[in-house]
Amino acid sequence: MSIFKKLSWFFRQERKNYIIGVTALILVAIMQLVPPKVIGIIIDEIADQNIHMTTILFWVAILCAAALGQYIFRYIWRTHIWGSAARLEKSLRRQLFDHFTKMDNIFYQKYRTGDLMAHATNDLNAIQNVAGAGILTFADSFISGGMTILAMILFIDWRLTLIALIPLPLLALTSRILGSKLHDAFRDSQEAFSNINDKAQESITGMKVIKTFGQEKEDLADFSEKIDQAIAKNRRVNFLDALFDPFITLIIGLSYVLTIIVGGNFIMNGTITIGQLVSFISYIGMLIWPMFAIGRLFNVLERGNASYDRVSELLREKTHIIEAPDAITTPAKGELAVHIDQFHYPEDDTIALDNIQFSLNEGEVLGVVGKTGSGKTTLLKLLMREYDNYQGSIQFGGHSIKDYSLDALLQSIGYVPQDHFLFSMTIRDNIRFADPHFSQEKIEQAAKLAFIDEDIKGFPEGYDTMVGERGVSLSGGQKQRISIARALIVEPELLILDDALSAVDAKTEEAILHNLKTFRQDKTTIIAAHRLSSVMHAKEILVVDEGKIVERGTHEELLVFDGWYKRMWEKQQLEAKIEGSEA
């Protein structure tokens, strides 16, 4: 029952609806008592040969009125109880999704995508059932059961009622023992579902790779193994859950036996009539649902309790990126000054960046180059406040980036990542993602700057072309250029290109860089790249290796210095000549 305490905040919020719903349930329970009583009366009148058509019509009218009343009040409790449960699910979904949008990289490294999806779907459905089916079965079982027992005492005989209820303590004992086992079993079941979700999401996303390496059978075997594990967990849940029904049937059977034996003696002694015994047996039949409901109640509550614990664990996670109480809300603008003494990733003692120092005035371009894993992307992540646990400072417009609100800082930054992500919508909507109200003219202007406008107009549906999930219908170069257009359309004070020109040819790269130089003369740009031609016109180029700046200077200065930059430039120039001669 602890789940009701955990959800008490919601029940207080919706107390009016639940009071109306439970009141309607009480009235339904009262009206359910009418048919057995009427049947008993009619049987006694038949036994006494005192039945008339007027009497029959009267009792039929009473039965019809009871049926109509049950219909009306059932409609009332359904709308109020189920409606409130739907609002709980809506509230938790919104709360969880809002939480996801605020969390940092550390959170998403800790939790897998499929697991988060399972929390946001399966777990929330289980919690919603507590507020709907849980409240219904809790109230209905105790109200209907209580009303039925009260009717058995008042209308029939209190001694017969006590005898018939002798087996009921066994139900409470069974529920307590099985309930604790069900909680653990449901939690394991939900985790197994998360693993299936995770595997399905990963396999679908990486299907091209799986097919390329011919790993379909192996991947299917891995998926089947996770299915088998989930089936085993659910089999235990179903086994424990199924134990309720036999126990309840046994308890009800014992009640029937005791009722027939003792009730028969009461009739022989003249304590009750045959009609009363029939009514009493009908009332015992009405106790079957409350008893089964108690078994179902523990099922719903334990499943919801396990799911609520899982969701609460997520919601307790805190982002490591904390905004200052008096954060600057105006967009960042001005000189960028970076002085990072040292940085390492959380839970990793390896130094990722060491003594990184540089400054950029408005309108200047910085190039960052180095071999894979040298620390280029790490540096860019710090500029966008994906991590704050570095020693040193990063100033933007004379203020630490930690002094800005996240909205103010990120509004000033246009970022094109290595893994260019496009949403499953039209090209137009992907480009104007930052603001759906951008005009078509502005969209096309950004596309021209990214040298993708002609490609788009060559598609049958132009800017209305659906790109498919993650841009699956486009080439790598097209996806890169649309990502660049999406960043350029907001006219950011700081544009960050993280190896964003790797999938385009040299001619297209040159055209894009020319456009950036022409139309961003008063705005700052940082280009991280493997292809040195992308940064050769930068005001300063940093060569990073193992998190340190090992060379710095202009393109010409670095060619004079006999280091990594010169060797890589000569290598890339040779490769370009070979490719040109082969063409």
Q: Only Lys, Arg, Asp and Glu count, each charged at its Cβ (+1, +1, -1, -1), so figure out the dipole size of the chain about its Cα centre, rounded to 20 debye.
A: 2240
(Q) Explain nothing, just compute: Karplus ³J(HN,Hα) = 6.51 cos²θ - 1.76 cosθ + 1.60, θ = phi - 60°, for every residue of the range 380-392 in order, whole Hz, x for Gly and Pro. (A) 5, 4, 5, 4, 9, 6, 6, 9, 10, 8, 10, 8, x
Q: Among 404, 340, 369, flag the residue with its Cα farthest along the positive direction of the charge dipole of the range 336-474, charges on Cβ as +1 for Lys/Arg and -1 for Asp/Glu.
A: 369
**Q.** Pairwise label distance in nanometres, residue 229 with residue 386, each label 7 Å out on the Cα-Cβ vector
**A.** 2.8
Q | Ordering of 218-227, 248-257, 20-29, 479-488 by packing [mean C-beta count within 10 Å, highest first] | A | 479-488, 20-29, 248-257, 218-227
Q. Based on Cβ point charges of +1 for Lys and Arg and -1 for Asp and Glu, what charge dipole magnitude is obtained for the range 92-315 about its Cα centre, in debye rounded to the nearest 20?
A. 240
**Q.** Selection from 564, 421, 185 lying farthest towards where the dipole of the chain points positive, charges on Cβ
**A.** 185
Q.
Less than 14 Å apart at the alpha-carbon level, and either on another chain or at least 8 residues along: which aspartates and glutamates does that give for residue 507?
A. 579
Q.
Tell me the relative contact order for the range 419-532 as a rounded percent, counting alpha carbon contacts under 8 Å between residues six or more apart.
A. 31
Q | Cleavage-rule hits (trypsin sites (Lys or Arg not before Pro)) in the range 338-427: DSSP loop, at most 14 neighbouring Cβ within 10 angstrom | A | 371
**Q.** Within the range 415-439, backbone nitrogen closer than 18 Å to the virtual label 7 Å beyond the Cα of residue 530 toward Cβ
**A.** 416-421
Q. To the nearest Å, what is the center-to-center distance of the range 186-256 and the range 1-53, using C-alpha atoms only?
A. 38
**Q.** Estimated vicinal HN-Hα couplings, Hz - the range 10-18 in sequence order (Karplus 6.51, -1.76, 1.60; Gly, Pro = x)
**A.** 6, 5, 5, 5, 10, 4, 4, 5, 6
**Q.** For the range 65-91 and the range 502-577, distance of Cα centres in Å
**A.** 67
Q: Treat each spin label as a single point 7 Å out from the Cα along the C-beta direction, and report the residue 95 to residue 19 distance in nm.
A: 2.3
Q: For the range 75-82, just list the computed ³J(HN,Hα) in residue order, Karplus coefficients 6.51, -1.76 and 1.60, θ = phi - 60°, integers in Hz, with x standing in for Gly and Pro.
A: 4, 5, 5, 4, 5, 7, 6, 5
**Q.** Top positive-direction residue, dipole computed over the chain with Cβ charges, set 502, 264, 20
**A.** 264
Q) Using the scaling law 2.2 N^0.38 Å as the reference, what is the normalised Cα Rg of the chain? A) 1.44
(Q) Along the Cα→Cβ direction, 7 angstrom out, place labels at residue 464 and residue 269. What is the inter-label distance in nm? (A) 8.7
Q) Using +1 on the beta carbon of Lys and Arg, -1 on that of Asp and Glu, and nothing else charged, what's the dipole of the range 336-582 about the Cα centre, debye to 20? A) 320
Q. GluC sites (Glu not before Pro) within the range 506-566: which are DSSP loop residues with at most 16 other Cβ atoms inside 10 Å?
A. 546
Q: Starting from the Cα-Cα distance between residue 435 and residue 158, subtract it from 0.36 nm times their residue separation and give me the gain in nm to one decimal.
A: 92.4 nm
Q | Qualifying lysines (Cα of each under 29 Å from Cα of residue 548; at least 8 residues distant if same chain) | A | 110, 333, 371, 376, 381, 402, 517, 523, 539, 566, 571
Q | Gyration tensor over alpha-carbon atoms, the range 92-315, equivalent ellipsoid semi-axes in Å | A | 50, 19, 12
Q | Net charge of neighbours whose Cβ lies under 15 Å from the Cβ of residue 443, counting Lys and Arg as +1 and Asp and Glu as -1 | A | -3
Q) Most exposed first by the Cβ proxy, i.e. fewest other Cβ within 10 Å, how do 84, 203 rank? A) 203, 84
**Q.** D (Stokes-Einstein, µm²/s), Kirkwood Cα radius, the range 336-582, 1.306 mPa s at 10 °C
**A.** 84
Q) Among 184, 435, 498, what is the fewest-to-most ranking by other Cβ atoms within 10 Å? A) 435, 184, 498
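None of the figures in this text is laboratory data; all of them are computed from the coordinates on show. Computed from a prediction, not measured in an experiment: that's the story for all the values here. In this analysis, Cβ positions are derived from the backbone assuming ideal geometry, glycine residues included, and neighbour counts consider all displayed protein chains.
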